[in-house]
1. Restricting attention to region 84-111, which residues are open to solvent by 20 Å² or more (accessible area, probe 1.4 Å) and in a strand (DSSP E or B)?
2. Counting just the residues of region 48-83 that are in a loop (DSSP other than H, G, I, E, B) and of a type in the set (A, V, I, L, M, F, W, C), which one comes out farthest from the chain's Cα centre (by Cα)?
3. Read through the list (1) modelled with pLDDT of 90 or more; (2) assigned to a loop (DSSP other than H, G, I, E, B); (3) over 17 Å from residue 110 (Cα atoms), then give the number of the only condition that residue 3 fails.
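The values are calculated or read from the model by the stated rules, or taken from the named source; none is laboratory data. No experiment lies behind these values; they were computed from the predicted model shown. What goes into the accessible areas is simple: the full protein's heavy atoms, side chains included, and nothing from ligands, DNA or RNA. Shrake-Rupley method; radii C 1.70, N 1.55, O 1.52, S 1.80 Å.
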Amino acid sequence: GTKAFVFDGTNWVGADNGSVDTNVAIGFNANGYYYGTAVGSYSISYSNGVAVGYGTSGFSLGTAVGSYANGSSYGTAVGYYTLGYSYGTAIGYQAKGYYNGISIGHNSMGSNNGTSIGYYAGNALTDYANPNKNVLLGYQAGLLLTQPSAWEIGRAHV
């Protein structure tokens with residue numbers, strides 16, 4: 001037979017074979033629930049989520065890598081304070097990707113099948129529910145854009 005062990009932060013403790021969910025939790029106050037994997041202090045994963053890094057959260061098949069990153073509902077977040085939600089992808093400091101959106105860059109935001117790449121690209125988007133489908137490329141691209149569809153490349157720095 002197979003015996004499962006869980007590291008409680010100090011010791012390896014034998015888990016009851018009747019209640020093992022195949023969770024992984026490594027690190028001080030790390031928690032993995034319902035097949036979740038949490039690696040890093042204060043990381044938490046739930047329902048097949050993956051969280052790697054200090055204070056990260058991975059929920060409902062979401063993946064988060066980096067300090068305070070949050071991946072939820074199939075979302076992926078990579079970087080410091082990133083958020084990937086509902087199939088969204090976010091890469092970079094405080095990047096946010098919502099509803100199939102892709103966001104790459106410092107404080108960028110991609111939502112509703114839209115893509116934002118660059119420093120503060122799409123950061124002003126406020127309407128996450130409407131199908132924006134924006135494509136924003138460059139420094140502060142779409143800075144004044146809040147919801148209509150657009151194709152914009154860069155923005156003159158003044």
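1. Once the filter is applied, which keeps residues that are open to solvent by 20 Å² or more (accessible area, probe 1.4 Å) and in a strand (DSSP E or B), region 84-111 yields 85, 89, 91, 96, 98, 102, 104.
2. Step one: filter region 48-83 for residues in a loop (DSSP other than H, G, I, E, B), giving 48-49, 53-56, 60-62, 66-69, 73-75, 79-82.
This time we only want the ones that are of a type in the set (A, V, I, L, M, F, W, C), so: 61, 69.
Numbers: 61: 11, 69: 5 Å.
Result: 61.
3. The number of the failed condition is (1).
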